[in-house]
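Undergrad: Structure below; questions to follow.
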Amino acid sequence: MENTIQSLPTVALRGMTVMPGMVVHFDVSRPRSIAAIQEAMIKDQKLFIVTQKEVDIENPQQKDLYEVGTIVTIRQMIKLPKKVLRVLVSGESRASLQSITQEDPYLVGEVELIEENRMDLPEDVNPEIAVRSLKDVYADFVTRNGKMSKEAVADILKIEDIYKLVDEILVNTPLYYKDQQEILEEKEFWKRYEKLVDRLMNEVEVMNLKDRLQRKVKERMDKHQKEYILREELKLIREELGDDSTLSDAEEFEEALHKLKAPKEVKEKLAKEIKRFKSSMNGAGESGVIRTYIETLLDMPWEKRAKDNSDLDYAQKILDEDHYGLEEVKERVLEFLAVRSLTQKGESPILCLVGPPGTGKTSIARSLANALKKPYVRISLGGVRDEAEIRGHRKTYVGAMPGRIANAVKTAGVKNPVLLLDEIDKVSTDYKGDTFSALLEVLDSEQNYKFRDHYLEVPLDLSEVLFITTANTLQTIPRPLLDRMEIIEVSSYTENEKLHIAQEHLIPKQLRKNGLQEDQLKISKHAIWKIARNYTKEAGVRQLEREIGNICRKSAKEILTTKKNRIVVTERNIEKYLGKEKFTYQMANETDEVGIVRGLAWTSVGGDTLQIEVNVMPGKGEILLTGQLGDVMKESAKTGISYIRSVSRQYNIPDDFFETHDIHVHIPEGAVPKDGPSAGITMATAMISAITEKKVHADLAMTGEVTLRGRVLPIGGLKEKLLAAKNAGIKTVLVPKNNVRDVEELSTEITKGLQILPVETMDEVLKIALIK
């Protein structure tokens with residue numbers, strides 16, 4: 001049949017291809033398309049539909065259209081709102097677009113009808129086999145697609161004519177419009193058949209791939225869903241058991257571990273414990289123990305440091321503002337700062353401040369921390385007797401916790417704080433372990449970089465910690481522990497030092513504490529001296545501060561009740577505020593006497609004077625020692641007697657004197673225990689004075705240990721003893737020659753007004769002390 005050319009109204013479709021035999025509706029809104037449809041309705045309802053190559057072209061030209069389209073018959077037309085026209089068409093035949101003869105008001109195309117030759121099957125193709133093959137592919141496609149009507153599919157599969165089967169499949173199969181366009185443009189039937197089979201097989205392959213992907217996604221989703229359900233069930237179980245936060249806590253712990261800066265050993269231990277924590281389903285008890293352990297390790301400042309202060313002037317200023325005196329301690333800290341500034345490292349010193357109570361040992365540690373700009377933690381060791389207090393308890397025990405050292409570092413939040421071990425001399429030992437031995441590792445700079453706390457179970461670096469310990473005496477501290485510390489003696493304050501401390505620190509502090517202004521209360525210099533001398537008896541300033549506080553309270557009451565604006569406390573009216581004097585010094589005797597010698601003693605509250613009295617009586621050669629003397633003091637008295645008997649002829653003492661006379665040595669204040677060897681030369685001098693009936697200078701005092709051969713040995717506590725002598729009005733003090741170096745270190749404030757004479761033997765002592 002010959003091809004015929006027709007001139008038909010033309011509509012360009014976007015994203016859609018109409019096949020011959022297809023009944024389909026579509027919406028048009030472009031004015032040219034609406035005008036073309038209306039023109040076709042006026043004539044014979046014939047319309048040529050062709051697909052645009054690009055969907056975004058609003059007014060397509062011929063070059064923008066495919067060459068082959070479909071001649072359709074309009075079956076129905078409905079007008080919709082917003083100038084939209086819905087058209088129902090049925091495809092009649094394929095046609096090729098020859099030219100566009102009109103563009104306005106609608107497109108008119110010259111189209112040539114394409115007649116189909118149904119006899120163009122290849123000779124080697126069996127139509128029956130081709131039909132079966134196409135049906136198999138189509139059935140597979142329909143099975144995979146799952147969206148097509150079963151009745152329509154069944155009708156199509158009944159068709160035995162290959163030409164009709166191809167047309168029906170093309171009409172009823174939802175292929176991509178470009179694939180449909182490609183098949184539509186194919187003029188030879190067999191090639192259309194091959195392309196249709198190829199597209200169907202391709203679609204089946206795509207759908208298979210899609211199914212595989214969806215199956216994998218579903219499996220993954222099922223796995224996640226399963227995990228989610230299990231987690232929810234686990235969460236519900238934990239809620240029922242009262243522990244519903246384990247998983248979320250474990251995630252927080254893992255996140256914290258990721259951010260934690262710590263040694264590798266610590267991180268590995270934490271990772272292991274977090275894994276155990278996740279699986280701790282046996283009970284809330286085990287979970288709680290592991291949780292506490294993990295939180296403790298995470299809170300430890302493994303690699304966190306406080307920045308070192310290299311400003312020596314600032315440190316000096318802070319130390320001087322907070323404390324008067326204590327020059328040796330301040331100097332040592334400034335030396336440490338200087339070394340650290342030069343080397344950027346240097347070992348932290350381990351200082352031990354030894355001295356009487358109230359001398360500022362504890363408070364100077366806080367000032368050191370302020371001067372160094374580092375966190376400060378105080379650990380009181382008084383009465384600690386369990387080694388676990390230092391090293392911690394093993395975490396398997398109920399209520400286990402880190403030791404005091406590890407806990408203090410955790411509290412400080414940095415690995416290089418200032419740690420004060422207060423009252424280290426009050427540590428005791430019992431069957432639970434030796435606490436002093438546990439402190440050996442802590443205070444040894446060669447070992448403490450890997451200090452092992454029983455609870456932590458991983459090494460803790462204490463090498464950068466600045467340890468400061470305090471003690472009232474070194475006698476109870478084991479020698480190996482003393483050897484690890486740098487001993488700095490904090491001695492008693494002089495009256496002048498107490499005056500400065502009161503004026504610069506104590507009075508302003510008590511004024512603030514009691515709500516008084518500086519101009520409302522004035523305490524004179526002589527009043528402070530009188531408080532220190534007659535209302536307190538101490539090496540430090542604690543009682544002095546209490547008495548000043550007492551004055552402030554009474555002054556506050558007086559200001560409110562009497563409407564006074566200002567109160568001045570002097571030496572004359574101090575009894576009004578503090579009452580009668582509480583302490584009086586036993587002043588030097590006014591007259592020289594026989595058998596009475598003034599000795600010097602060291603006590604925990606400073607120095608004191610001891611008046612040693614000796615009486616000689618007829619008897620049987622007994623030696624009586626009274627005044628609650630200790631064993632060492634009694635031995636000193638016996639040593640003195642033996643020395644006197646050995647030199648009796650030199651002092652014209654009869655040979656039978658010690659057989660016919662009793663000697664009674666007494667030290668007043670019998671209720672107060674006394675001990676120590678430093679009263680040896682004093683007792684020997686008093687006994688010789690009583691035996692020879694020679695007087696001793698009343699304004700003279702002495703201290704020193706005596707030997708059997710009359711040598712004078714050195715003693716301790718010289719500063720406190722000289723202060724006591726000065727307060728008692730003594731003019732001359734005899735000290736052992738080996739203590740001269742100690743005298744040279746004392747300030748002139750202490751030695752001023754005292755004649756300090758060094759002695760090496762008892763002969764020298766007696767020459768100075770006895771009045772010939």
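The values are calculated or read from the model by the stated rules, or taken from the named source; none is laboratory data. What you see is a predicted model; the values in this text were computed from it and never measured. Cβ coordinates were reconstructed from backbone atoms using ideal geometry, including for glycine residues, and neighbour counts include every protein chain displayed. Note: accessible area is taken over every heavy atom of the protein model, side chains too, but ligands, DNA and RNA are not part of it. Shrake-Rupley method; radii C 1.70, N 1.55, O 1.52, S 1.80 Å.
Undergrad: Are any residues in the range 134-156 farther than 17 Å from Asn208 by Cβ and either touching a strand residue (DSSP E or B) at 6+ places or on another chain (Cβ under 7 Å) or surrounded by 14 or more Cβ atoms within 10 Å (Cβ to Cβ) (or both), and if so, which ones?
TA: Hits for the range 134-156 are Leu134, Lys135, Met148, Val153, Ile156.
Undergrad: Moving on. Would you please name the residue that is farthest from Glu593 (Cα to Cα), looking only at residues in the range 727-772 that are among the charged types (D, E, K, R) and surrounded by 15 or more Cβ atoms within 10 Å (Cβ to Cβ)?
TA: Per the criteria, the residue is Asp742.
Undergrad: Kindly provide the set of residues from the range 326-381 that are surrounded by fewer than 17 Cβ atoms within 10 Å (Cβ to Cβ), of a type outside the set (Gly, Ala, Ser), touching a Leu at 6+ places or on another chain (Cβ under 8 Å) and within 13 Å of Ser310 (Cβ to Cβ), ordered by number.
TA: Selection gives Leu334 alone.
Undergrad: Could I ask something else about it? Could you check, for the range 491-503, whether at least one of its residues is open to solvent by less than 50 Å² (accessible area, probe 1.4 Å) and either under 27 Å from Ala406 (Cβ atoms) or within 36 Å of the chain's Cα centre (by Cα) (or both)?
TA: no
Undergrad: Which residue pairs have Cβ atoms closer than 6 Å, lie 6 or more positions apart in sequence or on different chains, and pair a first residue in the range 644-658 that is aromatic (Phe, Trp, Tyr) with a second residue that is open to solvent by less than 80 Å² (accessible area, probe 1.4 Å) and assigned to a loop (DSSP other than H, G, I, E, B)?
TA: From residues that are aromatic (Phe, Trp, Tyr), the pairs are Phe658/Gly621.
Undergrad: Next up: Among the residues of the range 530-537, is any assigned to a loop (DSSP other than H, G, I, E, B), closer than 26 Å to Ala601 by Cα and open to solvent by 20 Å² or more (accessible area, probe 1.4 Å)?
TA: yes
Undergrad: Right, next: List the residue pairs whose Cβ atoms are under 8 Å apart, where the first residue sits in the range 394-406 and is within 12 Å of Gly288 (Cα to Cα), the second is in a loop (DSSP other than H, G, I, E, B) and open to solvent by less than 30 Å² (accessible area, probe 1.4 Å), and the two are 6 or more positions apart or on different chains.
TA: If the second residue must be in a loop (DSSP other than H, G, I, E, B) and open to solvent by less than 30 Å² (accessible area, probe 1.4 Å), the pairs left are Lys395/Tyr455; Ala400/Gly392; Ala400/Tyr455.
Undergrad: Can you name the helices (runs of 4 or more DSSP H) wholly within the range 222-302 that have at least 2 residues being more than 23 Å from Asp461 (Cα to Cα) and at pLDDT below 75?
TA: In the range 222-302, 246-259, 284-299 are the helices (runs of 4 or more DSSP H) which contain 2 or more residues that are more than 23 Å from Asp461 (Cα to Cα) and at pLDDT below 75.
Undergrad: Hey, can you tell me all the residues within the range 11-55 that are part of a loop (DSSP other than H, G, I, E, B) and touching a residue at least 40 places away in the same chain (Cβ under 8 Å)?
TA: Listed by number, the residues that qualify are Arg14, Gly15, Met16, Thr17, Val18, Met19, Pro20, Gly21, Met22, Ser29, Val55.
Undergrad: Given the conditions (1) in a loop (DSSP other than H, G, I, E, B); (2) free of Cβ contacts under 8 Å to residues at least 60 places away in the same chain; (3) surrounded by fewer than 18 Cβ atoms within 10 Å (Cβ to Cβ), which single one is not true for Tyr314?
TA: Going through (1) in a loop (DSSP other than H, G, I, E, B); (2) free of Cβ contacts under 8 Å to residues at least 60 places away in the same chain; (3) surrounded by fewer than 18 Cβ atoms within 10 Å (Cβ to Cβ) one by one, Tyr314 breaks only (1).
Undergrad: Quick check on this structure: which one of Thr626, Thr703, Thr685, Thr609 is open to solvent by 20 Å² or more (accessible area, probe 1.4 Å) and in contact (Cβ under 8 Å) with a residue 40 or more places away in the chain?
TA: Among Thr626, Thr703, Thr685, Thr609, only Thr626 is open to solvent by 20 Å² or more (accessible area, probe 1.4 Å) and in contact (Cβ under 8 Å) with a residue 40 or more places away in the chain.
Undergrad: While we're looking at this one, here's another question. Scan the range 706-726 residue by residue and report those that are crowded, with 19+ Cβ neighbours inside 10 Å and part of a strand (DSSP E or B).
TA: Val706, Val712, listed by residue number.
Undergrad: Can you name the number of the only condition in (1) of a type in the set (A, V, I, L, M); (2) part of a strand (DSSP E or B); (3) surrounded by 14 or more Cβ atoms within 10 Å (Cβ to Cβ) that Ile78 fails?
TA: (3)
Undergrad: Return yes when Tyr449 is touching a Ser or Thr at 6+ places or on another chain (Cβ under 9 Å), among the hydroxyl-bearing types (Ser, Thr, Tyr) and not in a loop (DSSP other than H, G, I, E, B) and no when it is not.
TA: Yes.
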